[in-house]
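Taking it in order: structure first as structure tokens, then the write-up.
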Amino acid sequence: AYPAFMPNVRLVEILSQVGTRRVTRWDTELEEAPICWTEEDVIDRAGMRITFDAIEGAFETFRGFWAVEERDDHVFVVCEIDYSIGIAVIEEMVGDVLEAKLVENLEVMLDGLVGSLNPDATESVDP
């Protein structure tokens, strides 16, 4: 589903799933450069939360969570990501671009989800 909402995601493959734990391989690109990693996801359906942590690949650190929260008759998607490439020179060169792309991807994905859930929706999503 992610490639349908996030143009720079080429493939998300589920490698294994046992109970609430899932291992996924991500194949993406940033400014035409491939960025791939494998992460472990923990899915909490009752808590409407997915926690993820990269276990190999392009990032030294890539962890965080997605959560859906209901407050005051509104639904919010909350996402927190902590990431590090782990090579200072590369982070200096692409850090700002990577952060901008992560935010852009979240906005595109959320707009796509809102549109798929409510095709008549005219509101955009705030990051």
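Overview of values
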| quantity | calculated |
| --- | --- |
| Length gained when the stretch Glu13-Val103 is fully extended (0.36 nm per residue, less Cα-Cα span) | 30.2 nm |
| Pairwise label distance in nanometres, Val77 with Val42, each label 7 Å out on the Cα-Cβ vector | 2.3 |
| Accessible surface ranking that places the most exposed of Ile85, Ile55 first, with a 1.4 angstrom probe | Ile55, Ile85 |
| Solvent-accessible surface (1.4 angstrom probe) belonging to Val18, in square angstrom, nearest 10 | 110 |
| Leu11, Leu110, ranked by accessible area, largest first (probe 1.4 Å) | Leu11, Leu110 |
| Arg10 accessible area, assembled protein chains, probe 1.4 Å, Å² | 110 |
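The values are calculated or read from the model by the stated rules, or taken from the named source; none is laboratory data. None of the values given here were measured: they were computed from a predicted structure. Note: ideal-geometry Cβ built from the backbone for every residue, glycine included; neighbour counts use all protein chains shown. Calculation scope for accessible area: heavy atoms of the full protein, side chains included, ligands and nucleic acids excluded. Shrake-Rupley method; radii C 1.70, N 1.55, O 1.52, S 1.80 Å.
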